[in-house]
Amino acid sequence: MKIRLDQTGESFDWQETLSLSVADLDRPELVEIGAIRCRGKINSVLEDLLLHARLSYEQTLCCTRCLGPVANSVSTELSLLLDSDGRKDKALEESDRELQQSELSVLVVEDKILDTQPMVIEQVQLAIPMKPLCKDDCAGLCSECGADLNRGSCECEQAVDPRWGALAGLKSGSSDGSVRH
Ligand SMILES: [Zn+2]
Ligand SMILES: [Zn+2]
């Protein structure tokens, strides 16, 4: 959707359902993404335009350990100060200083036309974790046979290298010794 910021008035209701493809996001962790429901307002506050919205959608990510699907319901809030006429470069007004102190992100809008799609894509990107996990203690895949260790141990795990076994024995032996001192 393209919103003309010179026609938003005091308050503009932004309601949009955006369909993005996985290719739009270009993230290997993302397997599937549902329609993105955007509900929010653009309010004129003194000389500024503030956008406040909530995005909600379903996404399926790929667990970085076991490669299994991780389904998420995402509901994320978005607050932006829209800078539609490059006033950032001019001397800041008092109201601007207060807004800056509230650490709102500023989105520069060209030609007073806000294109919502790139803005939404950026928010969705931010909501994709760097290393998605299906659960915190995901056991991952066996590096030998590729079995999903969440479903139980594989054959390889039982065949412990005898050298490691000997080392484990030494360790427990020495700690036993110090306790009995
Ligand atoms: Zn996993
Ligand atoms: Zn294995």
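The values are calculated or read from the model by the stated rules, or taken from the named source; none is laboratory data. Nothing here was measured: the structure is a model prediction, and the numbers come from that model. Positions of Cβ are backbone-derived with ideal geometry, glycine not excepted, and every protein chain shown enters the neighbour counts. Surface accessibility is based on the protein's heavy atoms, side chains included, excluding ligands, DNA and RNA. Shrake-Rupley method; radii C 1.70, N 1.55, O 1.52, S 1.80 Å.
Restricting LEU25, LEU51, LEU18, LEU46 to residues that are in contact (Cβ under 8 Å) with a residue 24 or more places away in the chain and within 15 Å of LEU126 (Cα to Cα) narrows the list to LEU25.
Residue count for the stretch 110-147 under the criterion of being within 16 Å of ligand 2 (Cβ to nearest atom) and either open to solvent by 40 Å² or more (accessible area, probe 1.4 Å) or without any contact (Cβ under 8 Å) to a residue 60 or more places away in the chain (or both): the result is 8.
Under the condition of being hydrophobic (A, V, I, L, M, F, W, C) and open to solvent by 50 Å² or more (accessible area, probe 1.4 Å), the residues counted in the stretch 24-56 number 3.
Taking the stretch 28-72 as the range and being closer than 28 Å to SER105 by Cα and of a type in the set (Gly, Ala, Ser) as the test, the residues that pass are GLY34, ALA35, GLY40, SER44, ALA53, SER56.
Screening LEU20 against (1) surrounded by 12 or more Cβ atoms within 10 Å (Cβ to Cβ); (2) part of a strand (DSSP E or B) leaves a single unmet condition, (2). Does ARG27 qualify as being among the basic types (Lys, Arg) and at pLDDT 95 or above? For ARG27, the condition - among the basic types (Lys, Arg) and at pLDDT 95 or above - is not met.
Checking every residue in the stretch 35-57 against the condition of being out of contact with any helix residue (DSSP H, G or I) (no Cβ under 7 Å at 6 or more places or on another chain), in the same structural domain as LEU114 (by TED's automatic domain parsing) and closer than 30 Å to LEU149 by Cβ gives zero matches.
Open to solvent by less than 30 Å² (accessible area, probe 1.4 Å), under 18 Å from the mean Cα position of the chain (by Cα) and away from ligand 1 (no atom under 16 Å from the Cβ): is that true of LEU61 in this structure? Against the criterion (open to solvent by less than 30 Å² (accessible area, probe 1.4 Å), under 18 Å from the mean Cα position of the chain (by Cα) and away from ligand 1 (no atom under 16 Å from the Cβ)), LEU61 does not qualify.
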